[in-house]
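The values are calculated or read from the model by the stated rules, or taken from the named source; none is laboratory data. Just so you know, these numbers come straight off a predicted model, no measurement behind them. Counting neighbours? That spans all protein chains shown, and the Cβs are built from the backbone with ideal geometry, glycine included. Calculation scope for accessible area: heavy atoms of the full protein, side chains included, ligands and nucleic acids excluded. Shrake-Rupley method; radii C 1.70, N 1.55, O 1.52, S 1.80 Å.
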Amino acid sequence: MLGSLLTLAACGGKSTSGGPSEKLVVGTDAAYAPFEYLKDGKIVGFDVDLLKAVMKEAKLDYKLKNTGWDPLFTSLQSEQVQAGISAITINDDRKKSYDFSSPYFESINKILTKEGSPIKSVNDLKGKKVSVQNGTTGQAALEKKFGKENTNVKKYDSNVLAIQALISGEVDAVVADNTVVDEYAKNNPDKKLTVVNDKTNFESEFYGIAFPKGSKDKAKVDKALKKVIADGTYTKIYKQWFKVEPNLDVLKK
Ligand code: ARG
């Protein structure tokens, strides 16, 4: 009797964890246009379309969940989500805690500030209030330059809030990914913003899809990503969002 109960319990346990037909939950922070943002209540963006193509190629069933940024990383660690796509930069620090797909997009931080601002480089941010999204590479770059204790770096839960702080005058500048600040400045001419590029102080970065350490899905996703890059699907999606040809060579490094 006890034996059969135990067998039942064991079977029950198995069927609920990780069958091949189970949907993967992919986390994102849908407040980072044009990569992932909400439009009419739906998550849309370059990352969303790329993920769809990759998962189709990999024959993986998934659903995208708007977790927010910081919770995305805790959810990856607790394996409540099985992957994350969110313009996430692959770096050594994160590689200690997560696995990453091969790179799918090149990026660099830029400064967003008001038109007529004296800020022309990262050096000019000294003594100025600067907003970032908490835990991003923008924050890391500023901390590297001005020290971790710098109280002038204001951290917000989302990049949307970091930009709002600039518009309302709480801060003098925002540091975030180039594509995001360029797009924001272009789409909001009434806000009278300008973008500052500083290639001596900011470094080139690459986005990857993040996984919990040791994930068995990484290999399938890498293979599918390689395929969609090689067969033109990636280029098609890229051109839809960015209106220019991608440089596929930089992704091969
Ligand atoms: N690429 C930067 C990083 O990894 C910022 C990404 C923010 N992404 C987002 N969906 N809010 O730190």
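Odds and ends about this structure:
- The value of relative contact order for the stretch 109-196, using C-alpha pairs under 8 Å at least six residues apart, is 46 percent.
- Residue list for the stretch 173-206, given a label point 7 angstrom along the Cα-to-Cβ vector of LYS114 and an amide N cut-off under 20 Å: 173-176, 181-182, 184-197
- Cross-link partners for LYS120 among the lysines, with Cα-Cα distance under 25 Å and sequence neighbours closer than 8 places in the same chain left out: LYS110, LYS128, LYS129, LYS144, LYS145, LYS148, LYS154, LYS155, LYS186, LYS191, LYS192, LYS199.
- Between LYS243 and LYS126, full extension at 0.36 nm per residue minus the direct alpha carbon distance yields a gain of 38.6 nm.
- Extreme residue, positive dipole direction of the chain, given options ALA173, VAL44, ILE119 (C-beta unit charges): VAL44
- Here LYS213 is the anchor, and the lysines within straight C-alpha reach of less than 22 Å, apart from those fewer than 8 places off in the same chain, are LYS14, LYS23, LYS59, LYS63, LYS65, LYS95, LYS96, LYS223, LYS226.
- Within the accessible area of the stretch 113-162 (1.4 Å probe), percent carbon and sulfur: 49
- Two-site label geometry, GLU106 and ASN134: point separation in nm, points 7 Å out along Cα→Cβ: 3.3
- Note that the stretch 109-196 presents 48 Å² accessible area per residue, ligands and nucleic acids not counted, probe 1.4 Å.
- Remark: relative contact order (the chain) = 26 percent; criterion is Cα-Cα distance under 8 angstrom and separation of 6 or more residues.
- Total charge dipole magnitude, the stretch 12-165, about the Cα centre, Cβ charges on Lys, Arg, Asp, Glu only, Debye to nearest 20: 360
- Normalised Debye scattering of the stretch 109-196 at q = 0.11, 0.20, 0.21, 0.24 Å⁻¹ gives log10 I(q)/I(0) of -0.24, -0.83, -0.93, -1.25, counting only Cα atoms as equal scatterers and leaving out solvent.
- Gain in span if fully extended, ASN197 to THR74, counting 0.36 nm per residue against the direct Cα distance: 41.1 nm
- Cβ charges +1 (Lys, Arg) and -1 (Asp, Glu), total dipole of the stretch 214-253, debye: 140
- Dipole magnitude of the stretch 109-196, debye to nearest 20 (Cβ charges: Lys/Arg +1, Asp/Glu -1, about Cα centre): 260
- GNM result for the chain, Cα springs below 10 Å: residue of ALA230, ALA31, ALA176 fluctuating most strongly: ALA230
- The stretch 207-251: trypsin sites (Lys or Arg not before Pro) falling in loop per DSSP and having at most 10 other Cβ within 10 Å: LYS216, LYS243
- Three-way shape call for the stretch 30-83 based on the alpha-carbon gyration tensor, with the a/c threshold at 1.5: oblate
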